[in-house]
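Colleague: Sharing a structure below in structure tokens format, with a few things to ask.
Only the coordinates and a few stated rules stand behind these numbers; no lab work does. Remember, predicted model here, so these are calculated numbers, not experimental data. Cβ placement follows ideal geometry from the backbone for every residue including glycine, while neighbour counts extend to all protein chains displayed.
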Ligand SMILES: Cc1cc2nc3c(=O)[nH]c(=O)nc-3n(C[C@@H](O)[C@H](O)[C@H](O)COP(=O)(O)OP(=O)(O)OC[C@H]3O[C@@H](n4cnc5c(N)ncnc54)[C@H](O)[C@@H]3O)c2cc1C
Ligand code: FES
Ligand code: FES
């Protein structure tokens, strides 16, 4: 369980990181916190020829709060976001979800953007991004673009990011206090069997589920109650195409979606 | 920009428990193997090599890190603390270590180095932890033979003792 050989590049500016990425494309990998990538290297599930370390780029280690959104740079570790004094008021959903992302010992290294780039279907941060409707800021040599959360997550650990693109930052819409999050995992800090988030919208609620489909998935509903809510949740639970695996059966996952869904939707619509 | 070729070994200089040390590492060398095999500091244990068990937990520049998810070349210029840095003298245990011993908080000791590092780091910042907080912190570690009850007990006892010591203004952790 040791990585195959690679060249290691310690970028000192964003331009250098982009340049090396442009040269090598799919043969290169960004390493941020390493909390997912290093395990993949150790297991040789990934065998890049070049590793580009972005953690010494000061310019990426910043949280910018503007009216209506918070932009988090690729160098910001999960622990730093959790310790950000404005988190509970600016990004209440994240202040609820982030403590479920791994452990203190992994959040101290893992980055916010790294989790989004990795796109594990059970991960909390992609779920929160989809629930809030945030966007990713991507950069390649001579090009910048923004991609909305729903378009970014393309499949299990697959995203709309091109091989030569770096995630420079992510923006989350801020301020919506009417939100709720709940997760069921074997132990606190393990990957979710099912994780759900609900956010109040102008005309009702957005309900998002992680851990069931290949990507975190959301539905927008008007103000639903009683059997109308139950029907909507049941339909959604089936549309997610849950599968049996070593952690849980598909049926148990659907049950969780319905049960947690009812609680969370009621909570934010109160 | 620094580019380290895969085909060569590169000099890595860092501080280990307050002392400057150095060694040579290929880019793909894990920090666990570098510490244990190149530097000879075998206190840091290796269990799973994918970040799950916590046996290899150390601090890098004051933050907790899995050494098995870190490359040796990444810690050039950093300050590392490992379990070897916990005892105040070769024949004396630190407060936390002594509490582990009193409470039988280890049997085989395989998980212990990592758990001690997490607790040492946590107690410095949180002198009055609750049992729930200690258990949350320990979720990042697997102990397969002792069970967590005596470990939690040792942690709480050590916290109380350290709080007492800092009241009487001792700074001997
Ligand atoms: C024991 C353990 C438990 C965990 N539990 C959870 C959990 O419950 N929930 C959860 O969500 N995660 C969990 N994780 C994973 C989480 O800790 C990682 O931090 C996260 O998935 C990846 O972030 P990173 O910064 O460590 O990225 P890395 O591991 O460095 O990179 C991950 C991937 O993203 C790419 N990448 C990283 N940054 C960028 C960027 N800026 N631009 C382009 N590509 C980039 C890399 O090339 C790589 O493919 C766990 C990890 C461990 C070890
Ligand atoms: S050996 Fe590093 S976490 Fe298990
Ligand atoms: S003491 Fe044996 S694994 Fe913890």
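Colleague: What are the extents of the Cα atoms of segment A:58-173 along their three principal axes, listed from largest to smallest and rounded to whole Å?
Modeller: Cα extents, longest axis first: 35, 29, 25 Å.
Colleague: Right, something else. Could you let me know the centre-to-centre spacing of segment A:209-270 and segment A:121-160, using Cα atoms, in angstrom?
Modeller: A separation of 22 Å, based on Cα centres.
Colleague: When the C-alpha atoms of segment A:7-53 are aligned to their principal axes, what extent does each axis show, in angstrom, from largest down?
Modeller: Sorted from largest, the Cα extents of segment A:7-53 read 30, 19, 13 Å.
Colleague: Please list the three semi-axes, largest first and in whole Å, of the ellipsoid equivalent to segment B:6-85, using sqrt of 5 times the eigenvalues of its alpha carbon gyration tensor. Walk me through the numbers on the way to the answer.
Modeller: On the way: eigenvalues 60, 46, 23 Å².
The equivalent ellipsoid of segment B:6-85 has semi-axes of 17, 15, 11 Å.
Colleague: Let me ask something else about it. Can you tell me the orientation of helix B:112-125 relative to chain B, as the angle in degrees between its alpha-carbon axis and the longest Cα principal axis, to the nearest 10?
Modeller: For B:112-125 against chain B, the angle is about 70 degrees.
Colleague: Further question on the same structure: Taking only Cα atoms, what is the 0 to 90° angle, nearest 10, from helix B:149-167's long axis to the longest principal axis of chain B?
Modeller: 80
Colleague: I've got another one for you. Dividing the convex hull volume of the Cα atoms of segment B:95-167 by its residue count, what figure in Å³ per residue is obtained? Don't skip to the end; give the middle numbers.
Modeller: Working: hull volume 5.2 nm³, N = 73.
Hull volume over Cα atoms, normalised by residue count, gives 72 Å³.
Colleague: So what is Rg over Rh here for the protein assembly as shown, counting just Cα atoms and using Kirkwood for Rh? Don't skip to the answer; put the middle values down first.
Modeller: Numbers: Rg = 22.7 Å, Rh = 23.1 Å.
Rg/Rh for the protein assembly as shown comes to 0.98.
Colleague: So in segment B:6-85, what percent of DSSP beta bridges are antiparallel if you round to the nearest 5? Present the calculation step by step, with values, prior to reporting the outcome.
Modeller: On the way: 14 of 16 bridges.
Beta bridges within segment B:6-85, antiparallel portion: roughly 90 percent.
Colleague: Averaged over B:2-9, how many beta carbons belonging to a partner chain fall within 10 Å of each residue's beta carbon?
Modeller: Values: counts 8, 9, 6, 4, 8, 2, 1, 0.
Average per residue, whole number: 5.
Colleague: Binning every alpha carbon pair distance of segment A:164-270 at 10 Å from zero, what are the percents per bin?
Modeller: 14, 44, 29, 11, 1
Colleague: If you don't mind, another one. For helix A:250-269, what angle does its Cα long axis make with the longest principal axis of chain A, in degrees from 0 to 90 and rounded to 10?
Modeller: It is inclined by approximately 80 degrees.
Colleague: In Å, what Kirkwood hydrodynamic radius results for chain B from the alpha-carbon pair distances? The partial results should precede the final answer.
Modeller: Values: mean 1/r = 0.0597 Å⁻¹.
Evaluated on chain B, it is 16.7 Å.
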